[in-house]
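Accompanying notes for the structure given below.
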Amino acid sequence: MKVGIHRARLACLSLLGALCLAITPARAAETPRDRETDHLDAFDDGGPRSFGLLVNPAGMLLGVFGAEVDVLLGDVAAATVEGDWLSNGGVTGYGGTFGLSLFPQRVPFHGLVLRPQLSLARVDSDGSTAELFGAGATIGWEWTLRVGLTFRVGGGAAFTHVVGGDAAASAGLEGVRPLADGTVGWVF
């Protein structure tokens, strides 16, 4: 009986040894055209997001209605272009804002975001017009869900100065003013 147990053990060990000798390391079928999609946030298998379309409902509290387009420049920055329509009391106008969204944590469209910006606007008030130039910045936090829906919350300030036209047309818009960032949109 003991001889049968020893033979069974010996057969199992021989089978295990044969399997170990027959096993080869696994190899992936990769080519030079393959693209690695892992990135710092491991957010999805489709690779990092590179483009966003957003609106800022929080800006409406300050009389600014606009839409924004963001284009990723790398892991830490996205170029932003925003078109705005202004309505502040008796003053109406339109303008554009150009800036950067900086992501110091190196996760695009997610986490801490610093947003320096420059703006140009043309405003009308009671038949007179003025051109405004502004510079400012906001700091905030951005959340992007796996499906692409994104939310950004933050605040800051901008300095606006009349560069042409009638200064009376820009009443209430020149000088330091708050910036509200409560943006919602989609990133692709």
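Each value in this text was obtained by applying a stated rule to the coordinates, not by laboratory testing. Keep in mind that what you see is a predicted model, and the values were worked out from it rather than measured. Reconstructed Cβ throughout: ideal geometry from the backbone, glycine too, with neighbour counts over all protein chains shown.
Rank-order 6-14, 134-142 by packing density, defined as the average count of other C-beta atoms within 10 Å over each peptide's residues, highest first.
By packing density, highest mean first, the sequence is 134-142, 6-14.
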- prompt: Taking the alpha-carbon set of the stretch 51-187, what are its Rg and Dmax in Å?
  reply: 15.2, 49
field: Segment W141-H161, length gained on full extension (0.36 nm per residue, minus Cα span)
entry: 4.4 nm
- prompt: Applying the Karplus parametrisation 6.51 cos²θ - 1.76 cosθ + 1.60 with θ = phi - 60° to the phi angles of the stretch 59-65, what ³J(HN,Hα) value in whole Hz is obtained for each residue in order, glycine and proline being reported as x?
  reply: x, 4, 4, 9, x, 10, 10
